[in-house]
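Trainee: Structure provided below as structure tokens; questions to follow.
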Amino acid sequence: MLLRAKSDKANLILTEGEYAQMELLFDCSAIDDRCVLEIGNVYAFTSKTRFHLLGKRQPCGLRIRVKRRSSAGPKVVEKLALSTSKIGELGFYPSSEKDDFYAARAASLEAMVFVSDQIFENLLANFRAAMLPSSIELEIEKDGVLEYGWEPDGSRQVWKLEKTNDPSYVNVESFEVATDLKG
């Protein structure tokens, strides 16, 4: 199933030390009315124009971390079971209340994808040229986890969760970015 989004903001994150790496972080919103992902009976990732159709569900944002595949050490590759058919994970994280150590946080979807060095370099060049992606698509695993809603166009997807107060994950099978070129 496709999860379509647009990048509202992008950041470059550089980490130094034992696990030195570079990643691009995209904060996203739903791109149009063709993307509705309901998470349990509590949350939804969708455009503002479709949100009124979803009853009392709470909004959920999307954050995508893009990393070089070559930066993923053997432990990461093994832990995530990365392969040609799995390039990352999409996680759902429920909202949490403020406590003594952490600030309150809204529910969110967070994806981590590992791409080839060439694709990462192209994304980095676009970032440096202040060219945000016009659309980002994540192909996510469907089997046993996601199902289509009643709409005949397949625009609504439902992430079947028994409990929405615990994190849950699905595989990301592919990642596509489109950037508008300015002439």
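Trainee: Within the stretch 48-74, track down each residue that is of a type in the set (Gly, Ala, Ser) and either at pLDDT 75 or above or within 30 Å of Glu121 (Cβ to Cβ) (or both).
Mentor: Going through the stretch 48-74, the residues of a type in the set (Gly, Ala, Ser) turn out to be 55, 61, 70-73.
Correct list: Gly61, Ser70, Ser71, Ala72, Gly73.
Trainee: Which of (1) within 19 Å of the chain's Cα centre (by Cα); (2) over 18 Å from Ser7 (Cβ atoms); (3) modelled with pLDDT of 80 or more; (4) not hydroxyl-bearing (Ser, Thr, Tyr) does Leu146 not meet, given it meets every other one?
Mentor: Of everything listed in (1) within 19 Å of the chain's Cα centre (by Cα); (2) over 18 Å from Ser7 (Cβ atoms); (3) modelled with pLDDT of 80 or more; (4) not hydroxyl-bearing (Ser, Thr, Tyr), Leu146 misses just condition (3).
Trainee: Identify, from the list Glu151, Glu110, Glu121, Glu139, the residue that is surrounded by fewer than 14 Cβ atoms within 10 Å (Cβ to Cβ), out of contact with any helix residue (DSSP H, G or I) (no Cβ under 8 Å at 6 or more places or on another chain) and closer than 16 Å to Leu37 by Cβ.
Mentor: Working: Glu110 fails: surrounded by fewer than 14 Cβ atoms within 10 Å (Cβ to Cβ); Glu121 fails: closer than 16 Å to Leu37 by Cβ; Glu139 fails: surrounded by fewer than 14 Cβ atoms within 10 Å (Cβ to Cβ).
Within the list Glu151, Glu110, Glu121, Glu139, the selection yields Glu151.
Trainee: Also: In the stretch 43-84, what residues are among the small types (Gly, Ala, Ser) and surrounded by 11 or more Cβ atoms within 10 Å (Cβ to Cβ)? So that I can check it myself, show each step before the final result.
Mentor: Residues of the stretch 43-84 among the small types (Gly, Ala, Ser): 44, 47, 55, 61, 70-73, 81, 83.
Of everything in the stretch 43-84, those that are among the small types (Gly, Ala, Ser) and surrounded by 11 or more Cβ atoms within 10 Å (Cβ to Cβ) turn out to be Ala44, Ser47, Gly61, Ser70, Ser71, Ala72, Gly73.
Trainee: Going through the stretch 149-183 one residue at a time, which ones are of a type in the set (A, V, I, L, M) and either touching a Lys or Arg at 6+ places or on another chain (Cβ under 8 Å) or at pLDDT 70 or above (or both)?
Mentor: Within the stretch 149-183, Val158, Val170, Val172, Val177, Ala178, Leu181 qualify.
The values are calculated or read from the model by the stated rules, or taken from the named source; none is laboratory data. Just so we're clear, the structure is a prediction, and the values are computed from it rather than from any experiment. Every residue, glycine as well, gets a Cβ built from its backbone with ideal geometry; the counts of neighbours run over all protein chains shown.
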